[in-house]
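This report concerns only the one structure given below.
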Amino acid sequence: MKPIDTLADGTCFNFWEQDTFYKKELFVDCNASNASDSNDGSKDAPFKTIQAAADVATPGTRVWIYPGEYHECVRPRMGGSGPDAMICYEAVSKGHVIIKASEEVTDFTPSVGWQLTGFMSTEAPKGLSVWCHELSPEMFKGYNPFCAINLLHDRLFIEYDKTDMTTFLNRRGMVFCDGKPLKQVPLSNNLSDEEGTYWVEANGMKVHFRLDNDDDPKNHKIEISVREQCFAPEVPFLSYIKVKGLVCAHATMGAPVPQRGAISAFRGHHWVIEDCTVDWANAVGIDVGDECWHHTKDNEGPTGFSVIRRCKILDAGVCGIAGLFAQELLVEDNLIEGTGWQKMELSWEAAGMKLHNSINGLFRRNVFRRTYRADHVWLDCGNINNRLTQNLFLDGIEQREALFIECTRDGINLIDNNIFWNVEGRFDPQKIPVEPGSTGWYKMGEHDIVNGYAIYGEGTDRMHIANNLIGKCRSAGYFAKPVSFRMTPTERGGTARDNKFIDNIFYGCGEAAIKMVTKDNESEGNLFVKESGGFLRILFPQPEECLDLHSWQEFYGFDKFSQLAWFDIDIDTKNLTLTMKPALNKPFYFAPNPEQKLMKYDVSKITPVPYKEHVTQDFYGSEHGHKDRIPGPFSELKFDFTYNIDPRVH
């Protein structure tokens, strides 16, 4: 039995949080007329900066922060001493305390002295308006992001010949107009090609920019990023810290690794980060792990054991949540949206959430949406006893896979009661061979150009995939492959065996619902909706086998209790609602076949499948115990009914 608070092996997650009786309170108010960092931090004599409170906060201290914009990077000097003696940094009004890694600038001059058009052009386009701002050295304290490029510090894994290096070689510094970043271009003459752009001079001390509609910057709020992070200790291993209700914006770190988030635990453990918003981080939103794999193991404490709850991580350039060697993470009720705009997926650290060696993690009721050219979630190497449940994985833009579990052979990882929807795939359509007529019909194998998977396992065993809705994947709902070089004692790569596909709904996947590596897996109780062709596949030994449900059952004994159906599912990924309705057209049958009689066109005709001891609750957390259950994440299927699928409200 696996209630929502249990892990893959059925044991309860380690909920370590306790109520802290705060014996000391400090107050920060940047807008108070009497605020000063020389005050005592009392309610009547508040500090002006959060850092002043962080300098004196001790275990059992709550720092209350009043609304306002705080232009600083908060560096805690001390951590708490236990779950009952944490140090808390909390907004008095959630969402109205804004820590910005940027500074507003107001002095602009017309850009002169630089070629603003192509070398063959004789004059600038009519109305072109490019402005210059000279950066003041006083804005930077030991770190000028306009002098540093995005390229990650550890470049071992970059395959330069496979990726466009443009954004890797861009400067880290960002320019914002009314809270939205301008697009960086590599040469001054590119400014004439596109509005809403900026260019950085070689020494990193001047920026030239062009606004939309060639507008005057004096009509807008122009901000320049100047700090790497917003809330991050300078020394590692500070633990038992809570950050609550803060907005952290415009942080300008480089691409991971190292993993240095706008909010960073910097190798500490037992952090609680809740009700926070991270907006437009250049690379990483939040990090809660060991930062990188080059550190010596000189700390005595554990890594991870942290909570990320009810946060919004919006438009992180490379990775929303990052954690290396982080154990017992609880990530719940978050929105991670717009990740990946830097297009650095081939740095191999890009995802809505990217964890390495995750053990005993519980990831529930999160919404991953509009992740661009990166995974929604990537669990990399050695993942044991994790559970992903009640999550939404929506609108993967140019996304190869939504969920990637890599190089894992020990223990079970459970993926249940989630909704996967619209995985576009990332491939070059021009490379798909044109095969007119029956040219391609009789091949013994297919090309591997097209991708777009809900769940991808690379050298991973024992994934239990149960009661999910998996729909609109460009290639397949599930795909896997073994990776021989990782079959070592240190890498612990698997064989893609002993994976289980139990009681899921597969809907309209482009090539196949399931692509197993070998037959050494299990599939039962699934509902296949609007799937056609050989949608059930076994890839090895070659040539691959492309099967329908009848042959899948007859020759392999899979899915004896599974069903075929033909109706429409629609998800409004903006408003997070789902509807089902009868299909306008029925499938075409050239001649009668066994599956034609089995096809169900009305959801009320879908029958429950025999109980299996995988999950005992549905997407909404309703208990169904040991009873037989309808496939998929819902306890019942209904036409013309609007399902609210935002898991955070349930």
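Let me have the 222 nm mean residue ellipticity of the chain computed from DSSP H runs of 4+ only, each contributing -39500 (n - 2.57), with the sum over all residues rounded to the nearest 500. After summing the helix terms and dividing by the residues of the chain, the value is -500 deg cm²/dmol.
Listed by chain and number, the aspartates and glutamates placed with their C-alpha closer than 20 angstrom to that of Lys141 are Asp37, Asp55, Glu69, Glu72, Glu103, Glu104, Glu201, Glu223, Glu228, Glu234; residues fewer than eight positions away on the same chain are left out. Per-residue 3J(HN,Hα) values for segment 103-119, derived from phi via the Karplus relation 6.51 cos²θ - 1.76 cosθ + 1.60 with θ = phi - 60°, read 10, 6, 10, 10, 9, 9, 10, x, 6, 9, x, 10, 5, 9, 10, x, 5 Hz in sequence order (x marks Gly and Pro).
Restricting the calculation to Cα atoms, segment 234-385 yields a radius of gyration followed by a Dmax of 13.5, 39 Å. Each peptide in 18-25, 96-103 receives the mean, over its residues, of other Cβ atoms within 10 Å, and ordering these scores from highest gives 96-103, 18-25.
Label reach from Asp448 (point 7 Å along Cα→C-beta): in segment 400-425, amide nitrogens under 16 Å belong to 400-401, 407.
Residues whose amide H lies under 5 Å from that of Ala351, counting only those 5 or more places away or on a different chain, are Cys319, Gly320; hydrogens are built 1.01 Å from N in the peptide plane. Distance from the C-alpha centroid of segment 1-59 to that of segment 553-591: 49 Å, rounded to the whole angstrom. For the chain, the share of alpha carbon pairs falling in successive 20 Å distance bins from zero is 18, 47, 29, 5, 0 percent. For Lys574, the aspartates and glutamates whose Cα falls under 13 Å of its own Cα, not counting residues fewer than eight places away in the same chain, are Glu337, Asp395, Asp646. Using a/c under 1.5 as the rounded threshold, could you call segment 150-232 rounded, prolate or oblate? The axes a ≥ b ≥ c are square roots of the C-alpha gyration tensor eigenvalues, and prolate needs a/b larger than b/c, oblate otherwise. Note, shape of segment 150-232 comes out oblate. The three principal axes of the Cα atoms in segment 459-560 give end-to-end lengths of 42, 27, 25 Å, sorted in falling order. At the residue level, Phe237 shows approximately 70 square angstrom of accessible surface with a 1.4 angstrom probe and all protein chains present. Quick check: from the Cα gyration tensor, does segment 342-468 come out rounded (a/c under 1.5), prolate or oblate? In terms of gyration-tensor shape, prolate. With 5 Å bins beginning at zero, the pair-distance distribution over Cα atoms of segment 5-143 amounts to 2, 8, 12, 13, 12, 10, 8, 8, 6, 6, 5, 5, 3, 1, 0 %. Of all alpha-carbon pairs in segment 496-536, indicate the percentage at a distance above 15 angstrom. Roughly 40 percent, once rounded to a whole number.
With the convex hull of its Cα atoms as the shape, segment 78-154 has an orientation-averaged projected area of 11.7 nm². Residues whose amide H lies under 5 Å from that of Phe641, counting only those 5 or more places away or on a different chain, are Met580; hydrogens are built 1.01 Å from N in the peptide plane.
In segment 229-308, Rg over Rh equals 0.95, where Rg is the alpha-carbon radius of gyration and Rh the Kirkwood radius from pairwise Cα distances. With R₀ fixed at 35 Å, the C-beta to C-beta distance from Asp498 to His624 puts the FRET efficiency at about 0.85.
Global size of segment 500-577: 13.4, 44 Å for Rg and Dmax (C-alpha atoms, Rg to one decimal, Dmax whole).
Stretching Glu435 away from Tyr556 to a fully extended chain increases their span by 40.4 nm, per 0.36 nm per residue minus the current alpha-carbon distance. With each label modelled as a point 7 angstrom along the Cα→C-beta vector, the Lys519-Tyr160 pair spans 4.8 nm.
In percent, rounded to a whole number, the relative contact order of the chain is 8, using alpha-carbon pairs under 8 Å and six or more apart. The fraction of all Cα pairs in segment 55-207 landing in successive 10 Å bins from 0 to the largest distance is 8, 27, 26, 22, 12, 4, 1, given as whole percents.
Among the listed pairs Lys180/Lys244; Lys48/Lys354; Lys183/Lys221; Lys162/Lys481; Lys586/Lys638, give every one whose C-alpha distance is greater than 28 Å. Beyond 28 Å between Cα atoms: Lys48/Lys354.
DSSP loop chymotrypsin sites (Phe, Trp or Tyr not before Pro) in segment 548-650 with at most 11 other Cβ atoms within 10 Å of their Cβ, which ones?
Filter output for segment 548-650: Phe588, Tyr589, Phe590.
Amide H to amide H distances under 5 Å link Gly261 with Asp287, where only residues 5 or more positions off or on other chains count and H is placed in the peptide plane. Out of all Cα-Cα pairs in segment 581-639, roughly what percent, to the nearest whole number, are more than 16 Å apart? Tail of the P(r) past 16 Å holds 55 percent of the pairs. Normalise the Debye intensity by I(0) for segment 1-58, one equal point scatterer per Cα, no solvent, then take log10 at q = 0.13 Å⁻¹ and round to two decimals. Reported log10 I(q)/I(0), two decimals: -0.51. Peptides 152-163, 401-412 ordered by packing proxy, namely the average of other Cβ atoms within 10 Å per residue, highest first: 401-412, 152-163. Judged by the ratio a/c of the largest to the smallest principal axis of the C-alpha gyration tensor, segment 20-88 counts as prolate, that ratio being 1.5 or greater while a/b is larger than b/c. Cross-link reach is defined here as a Cα-Cα straight distance under 19 Å, omitting same-chain residues fewer than 8 places apart; for Lys612 the lysines meeting it are Lys2, Lys500, Lys560, Lys627. In the P(r) worked out for segment 470-625, what percent of Cα pairs fall beyond 28 Å? Beyond 28 Å sits 27 percent of the P(r) for segment 470-625.
The values are calculated or read from the model by the stated rules, or taken from the named source; none is laboratory data. Note that the structure is a prediction, hence the values are computed from the model and not measured. Quick reminder, even Gly has a Cβ in these numbers, built from the backbone with ideal geometry, and neighbours come from all protein chains shown. The area values use the complete protein model at the heavy-atom level, side chains included, leaving out ligands, DNA and RNA. Shrake-Rupley method; radii C 1.70, N 1.55, O 1.52, S 1.80 Å.
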